[in-house]
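Okay, structure first, notes after.
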Amino acid sequence: MVASGLSRKGRAVVFMSATILVALVLYVYVSVLGEHLTAGLHTNLLKIPVLALSALLAYLGVRALNVALFDFVFRFRRGYEAPTLVRNIFTLIAFTILFVLIFKWQFTDINLGALFTTSAIFGVIIGLALQDTLGNFFSGISLHADRPFQVGDVIVVGQQKHTGVVEGITWRAIKIRTFSNHVVLVANSSAAKEAIEVAPRNNLNARLVFFGTLFTDSPAKTIHVVREAVHDADNISRKITPIVRIRNLGESAIEWEIKYWLEDYAKYNDTDALVRQRVWYALRRNGLAFAYPTRTIQVERKGPAKPTTAEEAIIDRLSAVEVFAPLSLDEIQKVAATTVAHVFAPGETLIRAGDAGASMFVVHNGRVQVQVTENGRARAVAVLDEGDFFGEMGLFTGEPRTANVVALDETEVLEIGHEAMRGLFEKNPSLVESISWTIAERRAGLAAGSQQASQASLDESAGLLASIKRFFSLR
C-alpha cells in the first residue's frame, strides 16, 4: 500500500512538472515570436510548433480530467474501477474536439471540411486496412454497453472454452488470466459472437461435484453424512445450505451430486478438491463405500442353509411382539422365514387409510407416525418405535386400513403375510383363540383389576375369533 501510494504521488509530480514545462515553453515561444506569428510569409510554418505545444497541453489537460472524473466517480462513488476502454474513448473524443478547436484557432484560412473530403479515398484505404482493428474496437464498445462482466469476474469464452479471471478489456481484446496463471487475449470481435458464461465476483455462484455409492448403502444416511461433511468447508457460503441429492440410479451405483455455493468462485478448483476429500473421509468414517463396476456370482448350494445374523435378528424381533406371544419358537421361525423386510425413506407413507390389507407390520428399525384424517387434515395420534407393530387387523381379519402410517426416519419394517399365518392355523387351530384373545386385550385396553375391561375383552375376543375363522376359512 505504501509503495502504491508513493508511485501515485510520483506520477502526479511528473505529470504536473510536464504540464508546467509545456506551458512555459509555449509561453516563451509565443512571447519571443509574437510579432512573427501574426505577419510574414512563413506564418503557418511558425504556427506549427504552437499547434504541437497547444495540442500537447490539451492532451495533458484531458488526461488530468480523465483521472479526476473516472477515479472520483467510479472508484470512490461506485466502488469499482472504470473500464479502460471507456476511459480511452473519452480521452480520444475530448482530445479530438480540443485539437480541432486549436487547429481552427491557429489556421483560420484552412478549411478542415475540404481537407477531409479530399482525403476520402485515403480514408477508405485506411478503413479496409484497419477492418479487423475497427471490428474489435466497436465490439469492445458493445461489450461495455451491455456490461455482461466486469474486471474480476470469472468467465468462460471462445470455442476453446478459455476460463479465467477478467483482468481488463482493451481496444482489441479481453485479457483473461487462466487458472494455470497464463494470460489469454480473446479478440473483442470473436467474444461478441460467442456465448460467454459469467460468474460475477460479488455473487454466490454454485458448483456441482459428483460421486457414487453402493446400492446397499442408505440414501438418507448418505445425504446426512455428506451434507454435514461439506457445509463448513473453506470458501463454501454459510448463507445457503449445500444440497445433496440423487442424480441418477446408474448401472452399478447410486449417482449423487453435491450442489454448493462459493464465496470466491475464482478458487473453485481448490474448493472442488476439498469437497471430494471431505466426502471420501466422511463415507469411510460412517461405513459407506464408493461404487465401482462389479459383477456378483451366486453359487447355489444344496442342503439346509444356516441362519444368518439378519434372520436371527428377525426371529428375535418377532419373538418380542405381543401378538405372537402364543407361538412356539419353531412357529416363530416359520413366520420369520416368510417375512419380508421393507425400507422406507423419511416422509414416505407405509400404508394409507382405506386400502385393503392382508398383512401386518413390525417396526424393525426407525420410527413411524400413525395419522388419522380430520376435516381434510392429517392429525398424528401415535408414534411407534422399534418393536411396535401395526396393521394386525388386516392380517387376521382382512379389514381395510384405518389410518395412515408415515415413516419419520429411515425405517425398516417386517411384513408378515396372510399365507404364513394360514399354514400355522391349519396345523395348530388352538392358536386362533389365543391370538384373538391377545388382540382383544390390546384393543380393549385391559386394565389390572378392572372386571368391566375384562368383560369387554371377552366380548371383543369372541367377535375376533369368529372374524379370524371366517377370513382364514377355518371351522
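Within the stretch 188-203, which residues are at pLDDT below 80, surrounded by fewer than 18 Cβ atoms within 10 Å (Cβ to Cβ) and within 13 Å of Q160 (Cα to Cα)?
Of everything in the stretch 188-203, those that are at pLDDT below 80, surrounded by fewer than 18 Cβ atoms within 10 Å (Cβ to Cβ) and within 13 Å of Q160 (Cα to Cα) turn out to be S190, E194.
Restricting attention to the stretch 328-363, which residues are assigned to a helix (DSSP H, G or I), in contact (Cβ under 8 Å) with a residue 24 or more places away in the chain and open to solvent by less than 50 Å² (accessible area, probe 1.4 Å)?
Within the stretch 328-363, E331, V335, A336 qualify.
Answer yes if at least one residue in the stretch 289-300 is touching a residue at least 40 places away in the same chain (Cβ under 8 Å), of a type outside the set (S, T, Y) and open to solvent by less than 60 Å² (accessible area, probe 1.4 Å), and no otherwise.
Here is the first cut: in the stretch 289-300, the ones touching a residue at least 40 places away in the same chain (Cβ under 8 Å) are 289-294.
Right, trim to of a type outside the set (S, T, Y) and you get 289-291, 293.
Among the residues that remain, those that are also open to solvent by less than 60 Å² (accessible area, probe 1.4 Å) are: 289, 291.
Scanning the stretch 289-300 turns up at least one residue that is touching a residue at least 40 places away in the same chain (Cβ under 8 Å), of a type outside the set (S, T, Y) and open to solvent by less than 60 Å² (accessible area, probe 1.4 Å).
Give the stretch 382-414 a look and list any residue that's more than 38 Å from the chain's Cα centre (by Cα) and either open to solvent by 50 Å² or more (accessible area, probe 1.4 Å) or of a type in the set (A, V, I, L, M) (or both), or say none.
Listed by number, the residues that qualify are D388, M393, L395, E399, P400, T402, A403.
Let's see how each residue does on (1) under 28 Å from T163 (Cα atoms); (2) part of a strand (DSSP E or B); (3) open to solvent by less than 60 Å² (accessible area, probe 1.4 Å):
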| site | (1), (2), (3) |
| --- | --- |
| E228 | no, no, no |
| A233 | yes, no, yes |
| I246 | no, yes, no |
| E257 | yes, yes, yes |
| A266 | yes, no, yes |
| W280 | yes, no, no |
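I need every pair where a residue in the stretch 267-285 that is farther than 15 Å from H224 by Cβ has its Cβ under 8 Å from the Cβ of a residue that is among the β-branched types (V, I, T) and surrounded by 18 or more Cβ atoms within 10 Å (Cβ to Cβ), sequence separation at least 6 or different chains.
Y268/V154; T271/I236; D272/V209; V275/V209; V275/V230; V275/I236; V275/I258; R276/V209
Within the stretch 165-178, work out how many residues are modelled with pLDDT under 90 and open to solvent by 70 Å² or more (accessible area, probe 1.4 Å).
Qualifying residue count for the region: 4.
Looking only at the stretch 235-244, filter to residues that are within 19 Å of D270 (Cβ to Cβ) and touching a residue at least 24 places away in the same chain (Cβ under 8 Å); which one of those is surrounded by the fewest Cβ atoms within 10 Å (Cβ to Cβ)?
S237
Which residue is most open to solvent (accessible area, probe 1.4 Å), if the candidates are limited to the stretch 364-381 and must be out of contact with any Asp or Glu (no Cβ under 8 Å at 6 or more places or on another chain) and part of a loop (DSSP other than H, G, I, E, B)?
N375
Failed condition for N365, given (1) in contact with a helix residue (DSSP H, G or I) (Cβ under 8 Å, 6 or more places away or on another chain); (2) within 28 Å of K221 (Cβ to Cβ), with all others met?
Of the numbered conditions (1) in contact with a helix residue (DSSP H, G or I) (Cβ under 8 Å, 6 or more places away or on another chain); (2) within 28 Å of K221 (Cβ to Cβ), the odd one out for N365 is (1).
Being in a strand (DSSP E or B), modelled with pLDDT of 95 or more, crowded, with 17+ Cβ neighbours inside 10 Å and aromatic (F, W, Y), is that true of even one residue in the stretch 209-216?
Yes: one or more hits.
The values are calculated or read from the model by the stated rules, or taken from the named source; none is laboratory data. For clarity, every value in this text was computed on a predicted model and none was experimentally measured. Heads up, the Cβs are rebuilt from the backbone with ideal geometry, glycines too, and the neighbour counts pull from every protein chain shown. For the accessible areas, the whole protein counts, side chains as well, though only heavy atoms, and no ligand, DNA or RNA atoms are used. Shrake-Rupley method; radii C 1.70, N 1.55, O 1.52, S 1.80 Å.
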